[in-house]
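This report concerns only the one structure given below.
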Amino acid sequence: MLPKFHMPTCVFMGENCLFEKTDFLKLGKKPIIITGKNSGTASGALPDVLKLLQENKMDYVVFDQIINNPTLENVDAAGIFAKESNADFVIAIGGGSPLDAAKAVSVLASNNISAKNLFDGEFKNKPLPIVAIPTTAGTGSEVTPYSILTVNSIESKRNFSSEYIFPKYAYLDAKYTENLPYNVCVNTAVDAFSHSLEGYLCNKSSVMTDYIALEAIKLFSECIKPILNKSLTFEIREKLLYMSMLSGIVIAHTGTTIVHGMGYNLTYFKNIPHGLANGLLLSEFLKFNYDTVFDKIESVFKALKIKDIFEFEGVMKSLISCNEVFTRDEILKYSSIAIASKSLPNNPKIPDLKDITEIYSKSLKLKEL
Ligand code: NAP
Ligand code: FE
């Protein structure tokens, strides 16, 4: 019924929670702050963290060069800087890219390995403790044991996972998402929804993850109209951040499905943002799996307050769109990569190569010959 439920991250949520619960300052003497070029400052989280560190007369260093969909080279550079600086804990500020990069840095800073060895799964020394401050809502990376990195040598993304990279603390303050560009806000919300949907339908789901996933899906449903009307109040942003965290707890236990495995190719080869890439595939994914888990898919529709797959397709199209056009050869190439995805066995109905090609073809705009 419940094989295992392990959630070691201490989550604080609410406006100004960083200032009210300063427990993270006790994790060490000198943090390295890992963030992107803009997200740290644009969100307001970096100035808040710096203020607290300075008030407490703590030494720190900042690495603000994390790129979107971070590469092995990018996290290697951050890892070397963390080591040279003798940092003893990591503060991650940003969307999933800086949060995932920080998890890699926490391992690289305490071990004599380079980023390509992260996938070996075993580290001699314990990673540095991590504090996660998400500025998108989101990936849920603040409560997952995953770090997803771009590996150019295999032209794809790979994830490494360890219970030691669960952040020790996560601070969820919706004010840090207020300056998100609208399209990033929508795409990241769709990623979070995709996590709860995939986790709910996943072979590894349990009563506990199902309960959390359905709650997250209901919360997402309450946010759809405000997103479409662009009336993103603080309360809605808070709901999105909470829903994203719940969805992270779900995939921390279930993993994702072929939607993520297929979406990575759209991001790697066409630079389509992660959440958008997943969102484009969701309707066909549901159609493909309908006969196998129709009762669960009907529960999803009920939680979303929609009638059927046609209404679902309409909602997804109103939220996201993509003008990118794909050739038949591209679809075949992506399919041959996705079939080897680690998430394949998680699917309620296991797709073969032809099925994956069909899901891509029906979900994307194809180039006329
Ligand atoms: P992201 O790549 O972290 O950020 C997207 C863009 O939004 C960046 O340009 C970023 O700026 C900007 N941004 C972020 N927060 C902002 C704010 N508050 N105000 C203004 N701009 C802001 O996007 P994401 O969708 O959150 O993360 C995607 C990554 O997470 C992918 O690599 C994906 O594979 C991974 N992921 C991980 C998990 C997991 O469990 N670990 C789950 C799902 C996805 P900067 O460039 O300055 O940062
Ligand atoms: Fe995701």
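The values are calculated or read from the model by the stated rules, or taken from the named source; none is laboratory data. It should be emphasised that the depicted structure is a prediction, and the values quoted were computed from it without experimental measurement. Cβ placement follows ideal geometry from the backbone for every residue including glycine, while neighbour counts extend to all protein chains displayed. Heads up: the accessible areas ignore ligands, DNA and RNA and are worked out on the full protein's heavy atoms, side chains in. Shrake-Rupley method; radii C 1.70, N 1.55, O 1.52, S 1.80 Å.
For the reader, a short list of remarks on this structure follows.
- Simple Cβ-charge dipole of the range 1-120, Lys/Arg +1 and Asp/Glu -1, about Cα centre, in debye nearest 20: 180 debye
- By definition, a body whose alpha carbon gyration tensor gives a ≥ b ≥ c is oblate when a/c is 1.5 or more and a/b is not larger than b/c, and the range 100-177 fits this oblate description.
- Treating each Cα of the range 146-243 as an identical point scatterer and summing with the Debye formula, the log10 of I(q)/I(0) at q = 0.15 Å⁻¹ comes to -0.78.
- Across the range 29-46, computed HN-Hα scalar couplings (Karplus, 6.51 cos²θ - 1.76 cosθ + 1.60, θ = phi - 60°) run 9, 9, x, 9, 8, 10, 8, x, 4, 10, 4, x, 6, 4, 6, x, 6, 5 Hz from first to last residue, x flagging Gly and Pro.
- For the range 84-227, a Kirkwood radius taken over Cα pairs fed into Stokes-Einstein (10 °C, viscosity 1.306 mPa s) yields D = 97 µm²/s.
- Note that the range 276-284 has calculated 3J(HN,Hα) couplings of 4, 4, 5, x, 4, 9, 5, 4, 5 Hz, one per residue in order, obtained from phi through the Karplus relation 6.51 cos²θ - 1.76 cosθ + 1.60 (θ = phi - 60°); glycine and proline are x.
- Most positive-pole-ward Cα, Ser336, Tyr264, Ile297, against dipole of the range 195-347 from beta carbon charges: Tyr264
- Distance between the range 307-323 and the range 34-55 - C-alpha centres, whole angstrom: 36 Å
- A Cβ-based charge dipole, computed about the Cα centre of the chain with Lys and Arg at +1 and Asp and Glu at -1, lands at about 160 debye.
- For the range 1-76: rounded, prolate or oblate by the Cα gyration tensor [a/c cutoff 1.5]: oblate
- Cleavage-rule hits (trypsin sites (Lys or Arg not before Pro)) in the range 214-323: DSSP loop, at most 14 neighbouring Cβ within 10 angstrom: Lys230, Lys305, Lys307
- For the range 277-369: rounded, prolate or oblate by the Cα gyration tensor [a/c cutoff 1.5]: oblate
- Taking amide H as placed 1.01 Å from N in the peptide plane, Cys10 has its amide H under 5 Å from the amide H of Tyr169, Ala170, each at least 5 places away in sequence or on another chain.
- Dipole of the chain, positive end: most advanced residue of Thr233, Ile113, Asn346 [Cβ charges, Cα centre]: Ile113
- Accessible carbon and sulfur surface of the range 234-292 relative to its total accessible area, %, 1.4 Å: 51 percent
- Taking amide H atoms as placed 1.01 Å from N in the peptide plane, the amide H of Thr71 lies under 5 Å from those of Thr150, each 5 or more residues away in sequence or on another chain.
- Helix 182-201 and the longest principal axis of the C-alpha atoms of the chain enclose an angle of approximately 70°.
- Once you divide the Cα radius of gyration of the chain by 2.2 N^0.38 Å, the number left is 0.95.
- Simple spin-label estimate for Lys21 and Met7 in nanometres, 7 Å along Cα-Cβ: 1.2 nm
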